[in-house]
1. Could you count how many residues in segment 26-70 are in contact (Cβ under 8 Å) with a residue 24 or more places away in the chain and either exposed (fewer than 15 other Cβ atoms within 10 Å of the Cβ) or closer than 24 Å to K87 by Cα (or both)?
2. K37 passes all but one of (1) of a type in the set (K, R); (2) over 19 Å from the mean Cα position of the chain (by Cα); (3) part of a helix (DSSP H, G or I); which number fails?
3. Conditions: (1) surrounded by 13 or more Cβ atoms within 10 Å (Cβ to Cβ); (2) at pLDDT 95 or above. R118 meets all but one. Number of the miss?
4. Do you know which residues across segment 16-25 are hydrophobic (A, V, I, L, M, F, W, C) and surrounded by fewer than 17 Cβ atoms within 10 Å (Cβ to Cβ)?
5. If you scan segment 71-101, which residues turn out to be farther than 22 Å from L14 by Cβ, touching a residue at least 12 places away in the same chain (Cβ under 8 Å) and polar (S, T, N, Q)?
6. So for segment 43-62 (the condition being of a type in the set (K, R), farther than 22 Å from L139 by Cβ and part of a helix (DSSP H, G or I)), does at least one residue qualify?
7. Residues in segment 79-94: is at least one assigned to a helix (DSSP H, G or I), basic (K, R), within 18 Å of V135 (Cβ to Cβ) and in contact with a Leu (Cβ under 6 Å, 6 or more places away or on another chain)?
8. Just the residues that are under 14 Å from L48 (Cβ atoms) and not hydrophobic (A, V, I, L, M, F, W, C), please, taken from segment 108-117.
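The values are calculated or read from the model by the stated rules, or taken from the named source; none is laboratory data. Please read all numbers here as calculations on a predicted model, not as lab measurements. Glycine gets a Cβ as well: all are built from the backbone with ideal geometry, and neighbour counts include every protein chain shown.
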Amino acid sequence: MFRFLQILLVLHFLGLAMGFSVSFAGMVMGAMIARAKPEERPVLGRFLPVMSRVGDIGLVLLWGSGLSLLYLKWGGFRNVAPTFHAKITLVVALTLLVGYIHALQGRLKRGDHAVQGRMQTAGKFAFLLAVSIVVLAVLTFN
């Protein structure tokens, strides 16, 4: 069982890395697209939806490994510190925000370029949520 829990923790950290990679890629590519020549923007813009899929996989890994660890290692929600409950609340908020970002991506793909500003704001907020989740995880499991 110990090895299985280690594998789950590795998967959890991989999911975390995948999620953060999307945040950093979004910030860097957003700045590049803003400074790019108009004819370069469509090509550069194809990168972010692909990276978004990486984040989706990371989020699935986080949920699956996290819930598995919660029940297999700590016996469920009753046996964790209050900071964990705050953490999981932010994880739910982040998951909903990712859904909102996907909805905005769909509108952008259909030609509604007015949503770009909202996408950038949502991406920055997602990054802040993710950092807050990590801080609460450290406070919970340290």
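1. Count: 19.
2. Tallying (1) of a type in the set (K, R); (2) over 19 Å from the mean Cα position of the chain (by Cα); (3) part of a helix (DSSP H, G or I), K37 fails exactly one: (3).
3. (2)
4. A17, F20, F24
5. Within segment 71-101, just T83 meets the criteria.
6. Yes, the conditions are met somewhere in segment 43-62.
7. Within segment 79-94 (the criterion being assigned to a helix (DSSP H, G or I), basic (K, R), within 18 Å of V135 (Cβ to Cβ) and in contact with a Leu (Cβ under 6 Å, 6 or more places away or on another chain)), the answer is yes, since at least one residue qualifies.
8. Result: K109, H113, Q116.
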